[in-house]
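Notes for the one structure printed next.
The values are calculated or read from the model by the stated rules, or taken from the named source; none is laboratory data. Owing to the predicted nature of the structure, the values given are computational and were not obtained by experimental measurement. We place every Cβ from the backbone using ideal geometry, glycine too, and count neighbours over all the protein chains shown.
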Ligand code: GAP
C-alpha cells in the first residue's frame, strides 16, 4: 500500500508507544498474536486515568448511578437471550486464490459499494475483488460468530460450552433485579460497569482500534417508557462533554446519528461519538436507546420478573434503557493520536516560537531543534510531574530535590530523573507527555524556590517550595 502522511503519523506514534512503554504487541517474544495488545508502564497509567475519570463522572459524582463488577463468563443462556448466540455474527468472504479473509461489508465499502442483504443472507455486488491479489474469485459471504468459546469444568462436551463475554452490558441486565432490590435506587437510575470484552474479530486492524480483547465502559440507564428521547439526548450531550474534558477537541469529535431505517427493530435512537483518527473518522462510543428489549428477553428466557414497581404512580413496567457504551482502548488511542506532535523549537528550550515540524523534512531550520511531544491534558497524563536535581553529583541538591519529589509523589505520579543535561531530561519528559518539570538548582538552596517548566509553552517560572503543591493542584485540575 502506498504510504501516505496519515499512515506515517500512526506508524510514528506506534513506534513511540513501543519505545517509551505505552503499548507492546502481546506475546511479542513468540512473534505476537494478532488482535491482542499489552499496555506497558505508561500505557497502563494512561488507561487507568481514562477509566478513573469515567467512573468519577458517571458513578461517584452522581447520585443516580451505581457500579457493578460482573463475571466475564456467564451462563450461556445469557447469550441466547441477548441475541448474541443467534445474531452476533459478521458476514465474511474468502479469496479462493490467495486465501485472504475479509469482513464482507468492509471489503465492499472499500470499493465504494454496499454489501447486499438478501432473504437468505448476504450477497457480494458485481465487481468486488480481493484487494490483496485482485482476483474476483471470492466465496459467498458466510456468517461467523464473533464470540470466543470455551468449556467450563473438566469435560469438553456441548453441555460445558461457555463464552467469553462480547460486551459488559449483559452482566448489568442479568443483575438488574438484584441491584434494584439492594441499592435503593429508583427509576430513572443507572448501573455502570468497566471490564474486558472479547470478540473474535475477523480483521483486527488500525493498531489497537479493532482488537480481539478490549475494555468497555458501559452504562445502562433505566428509564420510564416514553422518556427515551429526552434521556437519549441528555446522555449524548453528557458524553460529548466528557470527551472534551479528557482533551479531545470539539472540532475532532462528531455526533453520527444512525438513520431510523438502520436501527435494530427495538431501538428508537442511536448516536455514535466519532473521532477523526489518522485513518479516518471512527466510532469511540455508541449511545443507544434500546427500549426494554434486553430486560424483556431476560425475563422471557429466565422466567424471572424484570418488572419495576413505581411507588409514586403505582405503575408496574419493564424499564426502557439508554446505553452509552465506550471502549477504553479506542479512547486511549484517540487521546494518543490527538496528543502526538512533532515540533521544531528554538534551541536551548527557550519559550515561544514553536513551529510544527514539516512532514518529511530531514532537519529543522538553523537555530531550531526537533522535539516530539505528547500534549496530554494534565488529568490524563500518565506522569504528572518530573523532578530534576540540576546536578547529580551535588549531594545537597539531590537531597533537596528528593524532599520535593517525596512531597509531590504523595499527590501525583511523579518521575525522578537526575541524569543528563537538563534540556535532554525535558525532552524525555515531553516525549511521554509529562506536563510539568520541577528543577532544583543552587538558588533553591538559597531562597527555597524551584523552577517549574510547563511542557507545551516551555515557559519557566520560579515557585516557592511551600506553594508548589497548591500550584500543581490548580494546574493539574
Ligand atoms: N453493549 C453495546 C456494545 O457493545 P458496540 O458498539 O459493539 O456496542 C461499544 O461496542 C464500544 O466498544 C465501541 O464503541 C468501541 O469503543 C468498543 N469496541 C467494540 N468492539 C471493539 C473492538 N473490537 N476493539 C476495540 N474496541 C471495541
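Here are some notes:
For every residue, the table says whether it meets (1) part of a helix (DSSP H, G or I); (2) touching a residue at least 12 places away in the same chain (Cβ under 8 Å).
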position	(1), (2)
388	no, yes
393	no, no
399	yes, no
404	yes, yes
412	no, yes
427	yes, yes
444	yes, yes
450	no, yes
466	yes, yes
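- Test result for residue 288, closer than 26 Å to residue 215 by Cα, out of contact with any helix residue (DSSP H, G or I) (no Cβ under 6 Å at 6 or more places or on another chain), modelled with pLDDT under 95 and within 16 Å of the ligand (Cβ to nearest atom): no
- Residue ID - surrounded by the fewest Cβ atoms within 10 Å (Cβ to Cβ), chosen from residues in the stretch 33-47 that are away from the ligand (no atom under 16 Å from the Cβ) and either under 13 Å from the mean Cα position of the chain (by Cα) or under 17 Å from residue 202 (Cα atoms) (or both): 44
- Members of the stretch 279-300 found to be buried (at least 20 other Cβ atoms within 10 Å of the Cβ) and part of a strand (DSSP E or B), listed by number: 284, 285, 287, 288, 289
- Failed criterion for residue 335 (all others in (1) buried (at least 23 other Cβ atoms within 10 Å of the Cβ); (2) assigned to a loop (DSSP other than H, G, I, E, B) hold): (2)
- When 94, 105, 52 are checked against the criterion of being part of a strand (DSSP E or B) and either assigned by TED's automatic domain parsing to the domain that holds residue 129 or surrounded by 12 or more Cβ atoms within 10 Å (Cβ to Cβ) (or both), a single residue qualifies: 94.
- Residue selected from the stretch 329-350 under the condition within 20 Å of residue 13 (Cα to Cα) and more than 12 Å from the chain's Cα centre (by Cα), by the criterion nearest to the ligand (Cβ to nearest atom): 338
- All positions within the stretch 255-278 that are crowded, with 18+ Cβ neighbours inside 10 Å, under 30 Å from residue 12 (Cα atoms) and away from the ligand (no atom under 13 Å from the Cβ): 278
- Boolean, residue 144 is surrounded by fewer than 20 Cβ atoms within 10 Å (Cβ to Cβ) and touching a strand residue (DSSP E or B) at 6+ places or on another chain (Cβ under 6 Å): yes
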